[in-house]
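Below: the structure, in structure tokens.
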Amino acid sequence: MKELEQFLQDRAMEHDSPTLLFNLAREYLMSAKVIRPGAIALAKLVGTARAAAGELTSHKVAHVLTAQVRSDLDLLLKVDAGLGCTRLEWLTKAATEASATAVKTSIDKLAWLRAMDAHLLDLSALPNERRRFLAQVARRSTNQGLERRRERRYPILLAFVAQAAIDQLDEVVSLFDQAVSARESRAKTKTDEALVERAKTGEARQLLLQVILPVLADPGVPDEQVGGLLRERIGMGKLREVTTGGWKALPKDHGRLSEMASSYSYLRQFTPLVLSAIDFHGGPGTTELMRAMAILKELNRTGGRKVPNGAPTVFVPTRYADYLEKARKGGDDTAFRHYWELCVLLGLRDGLRSGDVFVPGSRRYADPATYLYTPEQWEPRRAEFCRLVRKPAKAADALEQGKQELHTALAELETTLAGALPDDSGAVRLDDDDHLVIPSLSAEDIPAEAKELKDELAGMLPFAPIASLLIELDARTKFLDCFTHAAGKKLASSPRDQAQHPRGADQPGHELGVGQDGRGVRHLLRHPRLDDGVVCAGGDVARGQHLRRGSPLRAGAGQGVRRRHHVVFGWTTISGARQERDRADHDHPRRAGVVHLHPCLRSVVDVRHKDHRADGAGGSLRAG
């Protein structure tokens with residue numbers, strides 16, 4: 001049992017669920033081929049393992065729980081007057097919307113956690129599952145419940161703040177992404193509405209062109225008469241109406257960045273705080289964007305308004321470049337600052353989504369390179385990997401091998417094209433325009449020999465009726481004990497029901513079933529003495545009812561069909577009154593019941609009975 005105790009303690013460090021630990025212990029004993037102890041003893045082992053896991057957790061984080069850390073953790077359970085709740089409850093509440101207020105609140109939480117160095121806590125001694133479990137306990141527990149744990153609450157709160165520091169960092173970045181995207185989406189919606197109105201105005205201009213162009217294209221109209229003719233046909237009022245509004249050319253983005261600039265003041269409520277709180281890092285190809293972000297952070301810190309002349313603009317998309325160029329040429333430093341800052345924020349947002357920009361310490365926005373092997377980790381694995389994929393370890397050799405494979409494939413293609421006929425539609429070929437034609441693949445041909453072999457093998461396989469097979473299987477495994485008939489197990493209570501469903505226990509006789517030799521129900525129904533009795537279906541068992549003149553079956557027979565007669569045999573289908581009339585008409589002894597076989601047995605079972613005439617004409621009963 002020592003091995004089992006150690007096994008449970010190791011698992012308890014990963015999973016604290018008692019039910020799961022109990023099942024794991026049961027599976028461990030089964031795999032070790034050890035007879036399971038009592039459930040109470042096993043439950044006590046599970047409780048002991050959980051208690052030992054708690055003590056081991058406290059021991060592994062004892063070096064982290066200094067006096068200062070304990071004091072900071074106790075602050076989580078005290079009500080803050082400014083917040084109106086405890087810090088634990090404050091940190092547990094997640095943001096419900098991506099607004100400026102939500103972003104600032106999330107940044108305050110992150111700053112408070114960093115003030116107690118929660119992001120620097122090293123809990124690597126605990127398994128990941130254990131840390132997640134303890135943090136979840138803190139989220140679900142009340143302040144009173146945690147205080148009653150006394151010393152045991154510190155590992156729980158420690159795991160919570162370490163996890164909260166990572167989650168809060170992800171939340172700040174996520175809210176920044178959503179808030180900037182919401183303003184971009186708002187600008188897009190307004191731009192689309194403006195385009196619809198512009199299209200309506202353009203429709204009137206298009207109608208004027210249909211009148212103007214035919215006149216201009218008509219060589220028979222003298223040039224000096226064109227103006228007068230057009231004014232006469234169109235009318236001066238219509239011309240003044242169309243030319244009053246003016247018509248400005250749209251920028252490449254249809255004015256989306258200009259519309260987004262109207263939200264500049266709103267974005268300034270939280271973007272400087274995000275840039276100062278989050279340490280963004282760039283991957284390959286983001287050097288200019290990182291330089292621009294550093295300049296923007298410095299402008300925010302110093303309160304500068306003008307963007308330096310050497311500020312990078314290479315990262316700005318082409319559809320937005322015209323805004324910056326126009327503002328720079330016009331000397332409008334304010335407009336240039338707005339457009340340039342918006343481009344920096346949008347580039348940062350796009351970089352976070354693509355993975356080109358990452359945040360150290362984050363789980364959701366981590367560096368993609370951390371998912372790969374480092375050069376030191378890859379070097380001892382390179383030879384084995386190259387052996388498995390059959391590629392050279394050196395890049396130059398791999399390129400040379402690829403060139404050789406390409407030349408070989410091209411040579412095979414040239415040979416195929418040279419041998420293809422122009423009118424062969426089923427072959428790879430070149431058409432009249434020297435275009436490569438690749439036809440659809442034809443279905444695989446199955447040789448006639450394979451079909452013959454398949455038929456021959458199928459003919460050699462024995463035919464086993466499924467009903468017979470199930471009956472024999474039940475005789476050995478008793479699997480039908482697990483099933484209950486749809487009619488249930490309601491016993492007959494009324495005289496009529498008792499006449500229709502006589503119980504075998506109320507009449508003399510012995511059970512018919514599978515004998516000790518293990519043979520199935522099919523053999524039972526072919527028993528030589530079956531003609532001396534009638535199989536009754538009723539009550540809770542299936543018993544063989546023999547007549548007085550017949551010899552009873554041996555005692556103990558019928559164990560195989562006990563409580564399974566509703567699967568093998570159906571209920572009696574002939575009423576007691578019908579049996580009385582049938583007995584009077586044909587003058588044969590009273591029967592205890594009638595044979596009624598399940599449909600799946602009719603094709604495999606042959607039942608004969610001397611005294612039973614199911615068809616009313618005498619003779620034997622033949623099921624099926």
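Relative contact order for segment 115-229: 22 percent, from Cα pairs under 8 Å spaced at least 6 residues apart, divided by residue count. Rolling a 1.4 Å probe over the protein chains gives Arg114 an accessible area of about 80 Å². Ligands, DNA and RNA excluded, the heavy atoms of Thr101 present near 90 Å² of accessible surface to a 1.4 Å solvent probe.
Summarising the overall dimensions of segment 170-286 from its C-alpha atoms, the Rg and Dmax are 24.6, 75 angstrom. 3J(HN,Hα) couplings calculated from phi for segment 28-38 with the Karplus curve 6.51 cos²θ - 1.76 cosθ + 1.60 (θ = phi - 60°) are, in sequence order, 5, 5, 5, 5, 7, 6, 10, 5, 5, x, x Hz; Gly and Pro show x. Summary value for segment 1-63: 44 percent relative contact order, contacts being C-alpha pairs under 8 angstrom separated by 6+ residues. Per residue, the convex hull spanned by the Cα atoms of segment 1-63 measures out at 71 cubic angstrom.
Within segment 94-119, find all residues whose amide N lies under 11 Å from a label point positioned 7 Å from the Cα of Ser185 along Cα-to-beta-carbon. Only 98 fall inside the zone, counting backbone N under 11 Å. Length gained on full extension, Gln225 to Ala369: 44.4 nm, using 0.36 nm per residue less the C-alpha separation. The GluC sites (Glu not before Pro) found in segment 93-188 that occupy coil by DSSP, while having at most 16 further C-beta atoms within 10 Å, are Glu97. Residues within the reach of a label modelled at Ile212 (point 7 angstrom out along Cα to beta-carbon, backbone nitrogen below 12 Å), restricted to segment 245-289, are 247.
The value of relative contact order for segment 279-372, using C-alpha pairs under 8 Å at least six residues apart, is 36 percent. Put a plus charge on the Cβ of each Lys and Arg, a minus charge on the Cβ of each Asp and Glu, and nothing anywhere else: the dipole of segment 1-63 about its Cα centre is then about 200 debye. The orientation-averaged shadow of the Cα convex hull for segment 279-372, equal to a quarter of the hull surface, comes to 6.5 nm². Counting heavy atoms of the protein chains alone, Val389 has an accessible area of about 60 Å² for a 1.4 Å probe. A P(r) calculated from all alpha carbon pairs of segment 84-244, with 10 Å bins opening at zero, reads 8, 23, 17, 9, 7, 8, 9, 9, 7, 2, 0 percent.
Extension gain, Ile166 to Leu120, is 15.5 nm, computed as 0.36 nm per intervening residue step minus the present C-alpha separation. Direction-averaged projected area, Cα convex hull, segment 233-340: 9.8 nm², rounded to one decimal. Scanning residues 5 or more positions from Arg429 or on other chains, those with amide H under 5 Å from its amide H are Val437, with H placed 1.01 Å from N in the peptide plane. Under the convention that each Lys and Arg Cβ holds +1 and each Asp and Glu Cβ holds -1, the size of the dipole of segment 279-372 around its Cα centre is about 200 debye.
For Asp108, Asp424, the ranking by accessible surface with the largest value first comes to Asp108, Asp424, using a 1.4 Å probe.
Over what distance in Å are the Cα centres of segment 362-382 and segment 2-80 separated? Result: 33 Å between the Cα centres. For segment 84-244, a simple Cβ point-charge model (Lys and Arg +1, Asp and Glu -1, everything else neutral) yields a dipole of about 1140 debye relative to the Cα centre. Sorting Ser262, Ser106 by solvent-accessible area of protein heavy atoms yields Ser262, Ser106, largest first, with a 1.4 Å probe.
The values are calculated or read from the model by the stated rules, or taken from the named source; none is laboratory data. Remember, predicted model here, so these are calculated numbers, not experimental data. No Cβ is skipped: glycine too gets one built from the backbone with ideal geometry, and neighbour counts run over all protein chains shown. These area figures cover heavy atoms from the full protein model, side chains too; ligands, DNA and RNA do not enter into them. Shrake-Rupley method; radii C 1.70, N 1.55, O 1.52, S 1.80 Å.
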